[in-house]
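Contents: one structure, followed by commentary.
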Amino acid sequence: MHYTRVAMMAGLFAWAGLSQADVRVEGPVEYGIFSSQYQDYQPGERVLTRSNQEIERTEQIPAKLGTKFGMRYSLAGKREGDTPLTLLYLTPGVVTPDGLRHDKFEVQQKLVVGAPQDVMAFEFTEHHEVVPGEWHFIVFQGDRKLAEQRFMVR
């Protein structure tokens, strides 16, 4: 009888642990510049791309309109209704046309359970966004840091 209770308790604890599994990065994090054949970017223009877009692995980012850079990663343990991701973009100081300086941009992103990969990227679509210096990208879920990458825009 004692063994049955112990086995039952152990099973309950194991099940509870699995149901509380944390979202985590699985496999390598790709980072760098997202490749594009498009060349003649105009302010405000965004180019639609494929989800499997190639990434040139680099931390050195050219300071020019149309450059898209960031990270692509796979998350395991995603469940419907989980805490969303917080994508934190720390910038060297983007000054918007209204004169406000932005040392960070913060984006909330819901978890998509069926998505095989997630992306955190920034694309220079306006001249005022193209700011040389260190850009630091961090992915959080709640208070947990899942991934980060630093880039030097020149």
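Residue-level analysis places F140 outside the set of residues that are within 15 Å of the chain's Cα centre (by Cα), open to solvent by less than 30 Å² (accessible area, probe 1.4 Å) and within 25 Å of P28 (Cα to Cα).
Is it true that L87 is closer than 21 Å to V25 by Cα and assigned to a strand (DSSP E or B)? Yes: the conditions hold for L87.
Considering each residue of segment 70-91 in turn, none proves to be in contact with a helix residue (DSSP H, G or I) (Cβ under 7 Å, 6 or more places away or on another chain) and under 14 Å from V130 (Cα atoms). For beta carbons closer than 7 Å, sequence separation of 6+ or different chains, a first residue in segment 114-134 that is on the phi > 0 side of the Ramachandran plot and a second that is of a type outside the set (V, I, T) and not in a loop (DSSP other than H, G, I, E, B), the qualifying pairs are G133/P92.
Residues in segment 44-81 that are within 14 Å of H127 (Cα to Cα), surrounded by fewer than 13 Cβ atoms within 10 Å (Cβ to Cβ) and at pLDDT 60 or above: K64 only. Among the criteria (1) touching a residue at least 12 places away in the same chain (Cβ under 8 Å); (2) open to solvent by 30 Å² or more (accessible area, probe 1.4 Å), the one H102 does not fulfil is (1).
Within segment 107-124, can one find any residue that is open to solvent by 30 Å² or more (accessible area, probe 1.4 Å), more than 19 Å from V29 (Cα to Cα) and either outside any loop (DSSP other than H, G, I, E, B) or at pLDDT below 95 (or both)? Yes.
Screening L111 with (1) farther than 22 Å from T58 by Cα; (2) more than 18 Å from the chain's Cα centre (by Cα); (3) of a type in the set (A, V, I, L, M, F, W, C) gives one miss only, at (2). D22 passes every criterion in (1) modelled with pLDDT of 95 or more; (2) farther than 13 Å from V139 by Cβ apart from (1).
The values are calculated or read from the model by the stated rules, or taken from the named source; none is laboratory data. What you are looking at is a predicted structure, and each value in this text was computed from that prediction instead of being measured. We place every Cβ from the backbone using ideal geometry, glycine too, and count neighbours over all the protein chains shown. These accessible areas exclude ligands, DNA and RNA; they are computed on the full protein's heavy atoms, side chains included. Shrake-Rupley method; radii C 1.70, N 1.55, O 1.52, S 1.80 Å.
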